[in-house]
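S.K.: Before I ask anything, let me first share the structure, which is written out below as structure tokens.
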Amino acid sequence: MALRNTAIEWGSLARALHWLIAVGILGLILVGLQQAGLERGPEKTQLRMLHSSTALVVLGLMTLRIVWRWMNETPLHSAGFAAWQKLTATVVHWGLYVVVFVQLISGVMTVATTGNGLPFFGIFKIPVPIGKDEDAHHFWEEIHEFAWQVVVVLIVVHVVGALYNHFVLKNDVLRRMTSGVKTDG
Ligand code: HEM
Ligand code: HEM
């Protein structure tokens, strides 16, 4: 499997980033919700640290993914796709990129506006040139507590679309992001 994308399928780097980030985001939602349900205390603090540190890794991977996307070609939509299918796929994919970035940035800002820097797995703190600001903290926190639900809705539509292509339309859409397209037609 080639590293770079081709006109008909995703390359190995794009596939690896897609699946790593997908697992990362699902994990972030679970850990984010789990810590939200806990009383203040050491366990909540630990889970928050795990959540925000892992999210910084996902932020790095997402940035790499966008740069890589612009550095090589994007597989074309399947030849048999109707206009509405192309439009839905494009809107959902770009919707995911935008809302995931909103979630990432609002998370960073929620932590940054406490004025303590961004902790990374308790190893070091990334300094940010933002002081403590309670109003801004609540603003970003509200966005963070809302936007993940939009992420979940988009993921559900995205996964239903992928499975519909694979099992009903029986085309290569899912394979070109997993095992690769069938070469024997
Ligand atoms: C795609 C990335 C992310 C996802 C899917 C995500 C998801 C979540 C979820 C579901 C919650 C619980 C929200 C609630 O209480 O209703 C949460 C809370 C939180 N997240 Fe994230 N998060 C992401 C990125 C980040 C980042 C980058 C940071 C910081 C570096 C961060 C820091 C926090 C903090 C501090 C809370 C607790 C906020 C509160 O008081 O409710 N998150 N996150
Ligand atoms: C957190 C979960 C996920 C996120 C955020 C996500 C995000 C994305 C994005 C943004 C793209 C567009 C790639 C681009 O144009 O640069 C994409 C493509 C794709 N995703 Fe996901 N995805 C997730 C989970 C899944 C799952 C669980 C499946 C399978 C059931 C899946 C199947 C696919 C397929 C097949 C493509 C390629 C579509 C095509 O080639 O036209 N994704 N994904």
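The values are calculated or read from the model by the stated rules, or taken from the named source; none is laboratory data. Because the structure is a prediction, the values reported are computed rather than measured. When we count neighbours, we look across all protein chains shown, and the Cβ atoms used for this are built from the backbone with ideal geometry, even at glycine. Calculation scope for accessible area: heavy atoms of the full protein, side chains included, ligands and nucleic acids excluded. Shrake-Rupley method; radii C 1.70, N 1.55, O 1.52, S 1.80 Å.
S.K.: If the only charges are +1 at each Lys and Arg Cβ and -1 at each Asp and Glu Cβ, what is the size of the charge dipole of the chain around the Cα centre, to the nearest 20 debye?
M.R.: The dipole of the chain has a size of about 640 debye.
S.K.: Another question, then. Count the net charge of all other residues whose Cβ sits under 10 Å from the Cβ of residue 175, scoring Lys and Arg as +1 and Asp and Glu as -1.
M.R.: So the surrounding residues net to 0.
S.K.: With label points built 7 Å along Cα→Cβ from the Cα atoms of residue 33 and residue 141, find their separation and express it in nm.
M.R.: With each label point 7 Å from Cα toward Cβ, the separation is 2.1 nm.
S.K.: In straight Cα distance, which lysines are under 30 Å from residue 132, not counting same-chain residues fewer than 8 positions off?
M.R.: Filter leaves 44.
S.K.: Among the lysines, which have Cα under 20 Å from the Cα of residue 86 when same-chain residues fewer than 8 positions away are ignored?
M.R.: 170
S.K.: Ok, one more. Determine which aspartates and glutamates satisfy two conditions relative to residue 182: a Cα distance under 13 Å, and not lying fewer than 8 residues away in the same chain.
M.R.: 9, 172
S.K.: With N residues in the chain, what two-decimal value do you get for its Cα radius of gyration over 2.2 N^0.38 Å?
M.R.: This ratio for the chain stands at 1.18.
S.K.: Same structure, new question: If I take every Cα pair under 8 Å that is 6 or more residues apart in the stretch 12-177, average their sequence separation and divide by the length, what percent do I get for the relative contact order?
M.R.: Relative contact order here is 20 percent.
S.K.: Now a separate question. Considering only protein heavy atoms and a probe of 1.4 Å, how much of the accessible area of the stretch 12-177 is carbon and sulfur, as a whole percent?
M.R.: 71
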